[in-house]
Amino acid sequence: MKKKSIYATMLSRTLFKPLLTVSVFVFFTTYLQAKDLDPTITIHSNSISRNAIINEIYQQTGMRLIFSQSSNVSDSKKYTIDVQNKSLTEALTSIFGNQNKVTINYNEKVIVIHSKYDQITGFVKEKNGGPVSDANIVIKGTNKRTISDASGKFSIDANIGDSLIISHTGFETQTIAIADLSEINVVLEASNATKLDEVIVIGYGSARKQDLASAISSISQKEYNQQQLTNVSQIIQGRAAGVQVSDNSGAPGGATSIRIRGNNSIIGDNNPLYVVDGFLGANMSLINPADIQDIQILKDAAATAVFGSRGANGVVLITTKKGNSNRPVIEFNAAYSRASVIKKLDLLNNVDYAKTVNANALGNGTAARFTDAQIDSISKTPGTDWQDLIFRNAPTQQYQLGLSGGTGKTTYYISGEYLNQDGVIINSYRNRYALRGNITSQVNDRFTVRLNTYANRNKVNNATLGGRSGPVMQAIGWSPLVAVRNANGTYTTSDPYGSILASNPVALAADQNNIVINNNIMSILGLNYKILPGLTFDATGGINYINQQTLQNKTLYANLGTAASAARASSDMVSLQTTNNLTYATTINNVHHLTVTGVFEYQTSTTNGFNANANNITFPDQGYYGLALNGGSTVSSSYSNQSILSWLGRVNYDFNREIYITAALRRDGSSKFAKGNQYSSFPSFGIAWNLTNYSFIKNLNIFDNLKIRGGYGVTGSQAINPYQTLLAYANINTPFTQNTLSSGILLGNPGNKNLKWETTKQTDVGIDASLFKGRLAVTVDYYNKNTSDLLFNIPNPDYEGGGFILRNIGNVNNHGWEFAVSGDVIRSGGFIWSSSANYSILRNKLTKLYGNITQIASNSSALGITNVGSGLSPQQEFELVVGKPLGTYWGLEYLGTWKPSEATEAAVYGNKPGDSRYLDYDNNGVINGSDYHPIGSGLPKYSWGWNNNFSYRGFTLNVFIQSLGGFKKLDYTYAAGITANSDFKQATIADIKDRYITGTNETSNIPAFSKTNVNYTQSTRFLEDGTFVRVKNISLSYEVPKDKLKFANLTLFVRGANLFTITKYKGFDPESTNSTASAGSDVSQGIDYGSYPNAKTYTFGLKLNF
């Protein structure tokens, strides 16, 4: 041991001292050289430009100063500098080093100022080598993030030593440290995690999707970003089980019906409640779809009861986009579309029309209208195609500009939109201007502030051009032998052969305006404060202001031959809302997860307006700007106010992520009801059981997640207007003297202080499953809803004043099944096919009316609904019948035509072979009103949607198919055009050529022209199957590789909407109807009487991201 110690001592003396000496020498030499190379500078200035700094440094040091493109140094900014004898590195760092770093090359005498961060690039791929698009790449510990493009490529500014977190739904999350600037290749492994890990909005809070004990459908941007959107309803349509969306009108800004799990009310509004960023009752039709981040649809009572008296029809939660703490991103979208009517009806040409007029005359025992010579002359002229004249190829332009980003703890999203959309009927259009600004700022670790503001101007013209005197109906009825204009250039005002109305179809469209302008500003301010760990207080205040201007005018030619008329109306609605939410969340022993929420909410809405109408205006060219000079006018004004005060308590509990329980109680007080009935409570309860971790499920090696759930709850509906509990006076205008109207008042319907909420009790049972490592997700639900205390107007005894009184009577039931499935069908070699589908079954039934009444006409004075087919239908088209659905058709059963072998039986009814034959329902030998009975329903029994995305190396193909089925449509358009009935003196539909002709065509079920024939349009002859399957969207897009376009990400696309429709329906469009989506419309769904048809559209466009 001694010898080793001596050798070690000798070695240390021999080597250590010389090495120490050399090290000290090298250190001091290097230090002195660096000190000499990094000279000091002195600059004093209160305003000096970047170029002046460059010159000053060159003068003092002889070194050139260069700014790289990545630096954040403006060439126009003025700097204040006070540097005295500081080293060059220290001085430049103090001047420019906030977001940049300084690199000095002493040999080249060059100083470079560049970004602190390096650009890190890489690719995200699957195990099989295919690219993973839309993967999230985040710098750990920061809010800086980006996403991968279609080829899997990404780039992000980061430092060596940072860590990247790469994640994507369906894959295991990876964390990778940045060791150098070389390209990073990330391979993601398939994950057992699914979309159930998402955190979604549930109303007054949020929750993981897999923790839900209720039925909620989620719609994310990925599901609809390949579709050209002008309305929010287009996002929802066909994408959520249990939700039926119908485009009742194809007009720009036209009516759309959205029903969640059926129809609950007879006179009330069955539209769902729309909640935008927490504000209740927002107008969905005014929202820019491009601003939407995602949509949650609450369907069962366990989810909707937290909205109490406004949750009976389901709730649509819309969350708008927010910024992120990354560098700013500018997105620009531009699209140009061309639309045309889906189809045109096959009408008689001018020669066939003349021949048919003659046949009709002879069949009814009168002389032929045209001679052979006249018909020969007609054959040499083209005739008038009225459909071609009122329909057009309609262009649409849509531009969207967005800016999002953030600095530090403040993020922002700003967007602007311009939409200019022409309708396929001339002189119909929509213009929309929209601006949005969403800002969120984290003041400190506890306090966060957010402000969402939206401004919108929406102008729509002629969105309601349907019905008997609309341009579509009259284009069917007017003769092809009549010219559009007279020789002097004025409109032709009468048709001697066809329509009896003085309603030139072109003038009806071109010479009237029904303009509705909505100016909307909605602003929501939110404050969130973390009081203690787990305890959070959130306060929100919002205002929604809508000014609506209505401008109407009709010239002589558009006003059925009477004098020109015009009208103006204006209304202001201001809604104020405050919501205070206190939430406590805690975990006990890592197995008990508890969240308790308490909410106090108040909302009030005030509406006031006026309306002025003028007939026989002196200067028609002035239209609604010249109301003062007229032959008769009326003026009215209005005011209303309503408020609702609410308390909510909710508890969410789960045990070890296996048993989930949610319970809530909301109490609402509404100013619409009288004292004693203003308040009502709405409880709900839900429970779920996650079976995933049980051995008998694990051993199957199929399920990643399997959960069964059930729920029950009570919701309500305020299906009345303000003041309907009070006795009201009615305005009346009476002509006491000739040509003079005097205004007065009289007693209206009596009030009823005993009115209360319509109440809906709903039970739901469901299954949620995820299979095959997140590749497939399945949801199944069964629900049963019973709505009681339906509000309805019933006859009031004469000794109490007569009229009708509104009361709570009647019940309705909705029940059905919902199925939803989604997943990646193929993910291999860069090719991805993702698909989602849903199918819903609905049964609706009126289970009770009042007293012993089991049936009532839906167009009675009790509802205020008149016959849709006025002039065609001798009775109301719909009845409310216990045991039948709402919207039950009332009519005759058509049995075809009487055939030659049935001549004797036909004679009993005053008919002969070739005449129409109807079922003698009461078997009394007479066809009359007693033979009318329920013949079908206009409410769809099922709906489905199927969305597919195919992507490969930058190309994405989307195919989206939607269907409604199991419902009937009363096709008055076709009926009027083939029966020579009501306003039409002659048949125009080409099918009339296949009519019953004695000795020639005796098998036809189209009646012959006959004096003894009676055409009842309100019959099963014109009650057609409205079922349709429609390709709602086909889109092909291509994302240009980033290395081809350095300055931006560019995507080019071509899209088609409503390109193909499979249906047996004979009319223009099986989807469009004359019904609106407003209150009371659900009892009169499905009639097509010249309704505005939907259009097929081709779109070309681009997306640019900077």
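The values are calculated or read from the model by the stated rules, or taken from the named source; none is laboratory data. Nothing here was measured: the structure is a model prediction, and the numbers come from that model. Cβ placement follows ideal geometry from the backbone for every residue including glycine, while neighbour counts extend to all protein chains displayed.
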Point to revise | Test: residue in region 1042-1063 that is acidic (Asp, Glu) and surrounded by fewer than 22 Cβ atoms within 10 Å (Cβ to Cβ) | key: yes
Point to revise | Filter pass, Gln374 being farther than 30 Å from Lys1064 by Cα and crowded, with 20+ Cβ neighbours inside 10 Å | key: no
Point to revise | region 913-959 - residue that is charged (D, E, K, R) and out of contact with any Phe, Trp or Tyr (no Cβ under 7 Å at 6 or more places or on another chain) and, of those, farthest from Tyr224 (Cα to Cα) | key: Asp922
Review point. Of all residues in region 138-152 being closer than 13 Å to Gln119 by Cα and of a type in the set (Lys, Arg), which is surrounded by the most Cβ atoms within 10 Å (Cβ to Cβ)?
Key: Lys144
Review point. Would region 783-804 turn up any residue that is among the aliphatic types (A, V, I, L, M), in a strand (DSSP E or B) and either at pLDDT 90 or above or under 29 Å from Lys698 (Cα atoms) (or both)?
Key: no
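Among strands (runs of 3 or more DSSP E) lying entirely in region 306-416, which contain 1 or more residues that are in contact with an Asp or Glu (Cβ under 6 Å, 6 or more places away or on another chain)?
Details: elements: 315-320, 329-341, 394-407.
Here the list reads 315-320, 394-407.
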Exercise for review: Filter region 694-712 down to residues that are touching an Asp or Glu at 6+ places or on another chain (Cβ under 7 Å) and either closer than 16 Å to Gly314 by Cα or surrounded by fewer than 16 Cβ atoms within 10 Å (Cβ to Cβ) (or both), then give me how many there are.
Suggested key: 1
**Study point:** Hits in region 395-416 (condition: in contact with a Gly (Cβ under 6 Å, 6 or more places away or on another chain) and surrounded by 21 or more Cβ atoms within 10 Å (Cβ to Cβ))
**Key:** Gly406, Thr411, Tyr413, Ser415
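Where in region 196-296 are the strands (runs of 3 or more DSSP E), entirely inside, with at least 3 residues that are among the β-branched types (Val, Ile, Thr)? Reasoning before the result, please.
Working: elements: 199-201, 206-208, 216-220, 243-246, 257-260, 273-276.
Fully inside region 196-296 and qualifying: 199-201.
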Revision key, fill the gap. Checked region 210-237 for anything farther than 19 Å from Ser249 by Cβ, surrounded by 19 or more Cβ atoms within 10 Å (Cβ to Cβ) and not hydrophobic (A, V, I, L, M, F, W, C); matches are Gln210, Asp211, Ser214, Ser217, Glu223, Tyr224, Gln226, Gln227
Review point. When region 657-709 is examined, which residues are found to be in contact with a Phe, Trp or Tyr (Cβ under 7 Å, 6 or more places away or on another chain), among the aliphatic types (A, V, I, L, M) and under 30 Å from Ser643 (Cα atoms)?
Key: Ala663
Review point. Assuming Ile330 fulfils every condition listed in (1) modelled with pLDDT of 95 or more; (2) surrounded by fewer than 21 Cβ atoms within 10 Å (Cβ to Cβ); (3) of a type in the set (A, V, I, L, M, F, W, C) apart from one, which condition is it?
Key: (1)
Check your understanding: Scanning for something surrounded by fewer than 15 Cβ atoms within 10 Å (Cβ to Cβ), within 30 Å of Ala769 (Cα to Cα) and in contact (Cβ under 8 Å) with a residue 60 or more places away in the chain, does region 721-737 turn up at least one residue?
Key -> no
Review point. Considering Leu525, Leu576, which residue is in contact with a strand residue (DSSP E or B) (Cβ under 7 Å, 6 or more places away or on another chain) and in contact (Cβ under 8 Å) with a residue 60 or more places away in the chain?
Key: Leu525
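Can you name every residue in region 477-514 that is outside any loop (DSSP other than H, G, I, E, B) and crowded, with 17+ Cβ neighbours inside 10 Å?
Quick first cut of region 477-514, residues outside any loop (DSSP other than H, G, I, E, B) only: 477, 485, 491, 499, 505-510, 512-514.
Of everything in region 477-514, those that are outside any loop (DSSP other than H, G, I, E, B) and crowded, with 17+ Cβ neighbours inside 10 Å turn out to be Gly477, Tyr491, Ser499, Pro505, Val506, Ala507, Leu508, Ala509, Ala510, Gln512, Asn513, Asn514.
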Review point. Out of Thr904, Thr888, which single residue is of a type outside the set (Lys, Arg) and either on the phi > 0 side of the Ramachandran plot or surrounded by fewer than 19 Cβ atoms within 10 Å (Cβ to Cβ) (or both)?
Key: Thr904
Check your understanding: Just a yes or no: is a residue in region 737-759 in a strand (DSSP E or B), at pLDDT 80 or above, among the hydroxyl-bearing types (Ser, Thr, Tyr) and over 30 Å from Ser822 (Cα atoms)?
Key -> yes
Review point. Would it be correct to say that Ala463 is in contact (Cβ under 8 Å) with a residue 24 or more places away in the chain, out of contact with any helix residue (DSSP H, G or I) (no Cβ under 6 Å at 6 or more places or on another chain), over 30 Å from Asn911 (Cα atoms) and buried (at least 20 other Cβ atoms within 10 Å of the Cβ)?
Key: yes
Check your understanding: Do we have Ala241 as crowded, with 23+ Cβ neighbours inside 10 Å, touching a residue at least 60 places away in the same chain (Cβ under 8 Å) and within 27 Å of Ile342 (Cα to Cα) here?
Key -> yes
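Going by the structure shown, is Val306 more than 20 Å from the chain's Cα centre (by Cα) and hydrophobic (A, V, I, L, M, F, W, C)? Show your work before the answer.
Values: more than 20 Å from the chain's Cα centre (by Cα): yes; hydrophobic (A, V, I, L, M, F, W, C): yes.
Yes, satisfied.
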Practice item. Return only the number of the condition from (1) part of a strand (DSSP E or B); (2) small (Gly, Ala, Ser); (3) surrounded by fewer than 17 Cβ atoms within 10 Å (Cβ to Cβ) that Gly542 does not satisfy. Key: (3)
**Study point:** Counted residues, region 964-1002 - those being among the β-branched types (Val, Ile, Thr), surrounded by fewer than 19 Cβ atoms within 10 Å (Cβ to Cβ) and in a loop (DSSP other than H, G, I, E, B)
**Key:** 2
Check your understanding: How many residues does region 620-630 contain that are surrounded by fewer than 13 Cβ atoms within 10 Å (Cβ to Cβ) and either within 14 Å of Ala563 (Cα to Cα) or acidic (Asp, Glu) (or both)?
Key -> 2
